[in-house]
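*Asks:* Take this structure first; my questions come after.
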């Protein structure tokens, strides 16, 4: 083997893929996505319009046999299991059923035994009972785990969005990727202006607050708040909040559906087929997606870790070959 940087080509499958934020991020960094799975037809339709590989309509929570996943020979399985049951904007009841899908993902990993996996969820997931069950399955299956709660704004995403990531390496050690993650985090949060410049044609915008104890007017010189599935117009009864970035003016407006996809770092070329899809479905799938740049961030950290380990192993092999055997 040469001393040049070693190329790595890894086969990946994406479970609970949605419209493809996680897939696109890993694909952009060089991972080969060979298949994806979801069972929400609107998201599947959008996924198919933007990727060459197949996405299968599959209810992962009702599978009894995971052999089909093994047939794809994945080196890595990536996933963002539905997180509404753990979310701060949901009912925070992990027993509503969707929380079980994180356990489903863990069982698939334990059965297929890929060399690597990446799982994304909301930050509150780590405080749930389901979290303990999931981690026990991973550890009992022989995985070293790197766990990190991260704000996407420090990973090149113009949005304050806290998320939990778990990266597993079969027969690896815990926290192996923490130095790579910490090294690559930006020192300052990414603002909308940093990421999009003046592309939106506005300085301030409205984002409907969950309660009127929170502000609703934001500047593009700060990260966006977390993109949610709710995107409402400014109500006539809205009263200025002390934290609002600007006063109410006639030209103040919410971001459009597609503008919100830019905040989720989907590229302009990504086809959301607005003519065929309902606005409600598009808002939901965009909000549920893993931001593309956040997926790229973790894919790059993982790829660099892999390359460093390959080069270290090569150097060790070369060193061993150069050292003569001791004669006793």
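*Asks:* Can you give me the number of residues within the range 230-267 that are within 16 Å of the chain's Cα centre (by Cα), surrounded by 14 or more Cβ atoms within 10 Å (Cβ to Cβ) and assigned to a loop (DSSP other than H, G, I, E, B)?
*Replies:* Qualifying residue count for the region: 3.
*Asks:* Would you kindly identify the strands (runs of 3 or more DSSP E) lying entirely within the range 119-214 that contain at least 1 residues that are touching a helix residue (DSSP H, G or I) at 6+ places or on another chain (Cβ under 6 Å)?
*Replies:* By residue number, 143-151, 162-170.
*Asks:* Follow-up. Take the residues of the range 104-125 that are surrounded by fewer than 20 Cβ atoms within 10 Å (Cβ to Cβ) and touching a strand residue (DSSP E or B) at 6+ places or on another chain (Cβ under 6 Å): which is farthest from residue 138 (Cα to Cα)?
*Replies:* 123
*Asks:* In the range 105-118, what count of residues is obtained for those that are part of a helix (DSSP H, G or I) and within 22 Å of residue 149 (Cβ to Cβ)?
*Replies:* 3
*Asks:* Which of the residues that make up the range 268-295 are surrounded by 24 or more Cβ atoms within 10 Å (Cβ to Cβ) and under 19 Å from residue 148 (Cβ atoms)?
*Replies:* If the condition is that a residue be surrounded by 24 or more Cβ atoms within 10 Å (Cβ to Cβ) and under 19 Å from residue 148 (Cβ atoms), then 290, 291, 292, 294, 295 are the ones that fit.
*Asks:* Could you tell me whether any residue of the range 316-327 is buried (at least 19 other Cβ atoms within 10 Å of the Cβ) and either within 22 Å of residue 194 (Cα to Cα) or modelled with pLDDT under 95 (or both)?
*Replies:* no
*Asks:* What's the total number of residues in the range 216-229 that are in contact with a helix residue (DSSP H, G or I) (Cβ under 8 Å, 6 or more places away or on another chain) and part of a loop (DSSP other than H, G, I, E, B)?
*Replies:* Qualifying residue count for the region: 7.
The values are calculated or read from the model by the stated rules, or taken from the named source; none is laboratory data. Only a predicted model underlies this, so the values are computations on that prediction, with no experimental measurement involved. When we count neighbours, we look across all protein chains shown, and the Cβ atoms used for this are built from the backbone with ideal geometry, even at glycine.
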